[in-house]
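Peer 1: Dumping the structure here so I can ask a few things about it.
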Amino acid sequence: QDVDYLQSSSVIATGSTRQIWYLVARPENINSNQDSLWSQFGGDSITLLPSSSTDFRGRLYHSNRICNASDISTTNLEGVFSIFAFDFDPVADTIKTYLNGTLRETFNTQTQPTPWDLTLSSGAAAYRLFSQYGTPQPANIVDGYIAEALITTDTTNHQKTEGYLAWRWGLQSSLPSGHP
């Protein structure tokens, strides 16, 4: 009945500074639509959830608002290592989602029916990997593997960081052709 997940002791309080989150992970045994691969919780929470309770295609949420019009992947990513990247730009009020080096969507928080501010870490308590949205429940913690997770404010080397992660973890073939 353990509730096993990784949790940081604090968050990167960048306010209006742009940051990119990277995660190389392989989700398994999705059994709840609240299974979270990565989340910033407390305050204005940001969470990567599956699109259903049976498979992982990926949906990004910010403060209970869905941030992508469609799933990050068109196929179930369970059992497959993937490189996820999320570019949060509070100045432009955009969130870009990437999967294996391919831009999947750009979400603008100001073009929503109710526009909202994307200032990060506002009241957030910590980051969690492989947990659950809200209060983690033992029966619903996502299973799988984490190869690497990092957050950076260096946005000039985004593709190089994706390339580094792909080479480090043997995922070069998952990047699009021509990716540096």
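Peer 1: Separation between the Gln110 and Thr74 pseudo-spin-labels, each 7 Å from Cα along Cα→Cβ, expressed in nm?
Peer 2: 3.2
Peer 1: Would any residue of region 18-37 have its amide N under 12 Å from a label point 7 Å out along Cα→Cβ of Ala147? List them or say none.
Peer 2: In region 18-37, the label zone of Ala147 (backbone N under 12 Å from the point 7 Å along Cα→Cβ) covers 23-27.
Peer 1: Next question, about the same structure. Would you compute the Debye intensity of region 29-98 from its alpha-carbon atoms alone, equal scatterers and no solvent, and pass along log10 I(q)/I(0) at q = 0.21 Å⁻¹ to two decimals?
Peer 2: Those come out to -0.90, one per q.
Peer 1: 7 Å from Cα along Cα→Cβ at both Ser63 and Ala92: what's the point-to-point distance in nm?
Peer 2: That separation, rounded to one decimal, is 2.1 nm.
Only the coordinates and a few stated rules stand behind these numbers; no lab work does. Predicted model only: the values in this text are computed from it and were never measured. When we count neighbours, we look across all protein chains shown, and the Cβ atoms used for this are built from the backbone with ideal geometry, even at glycine.
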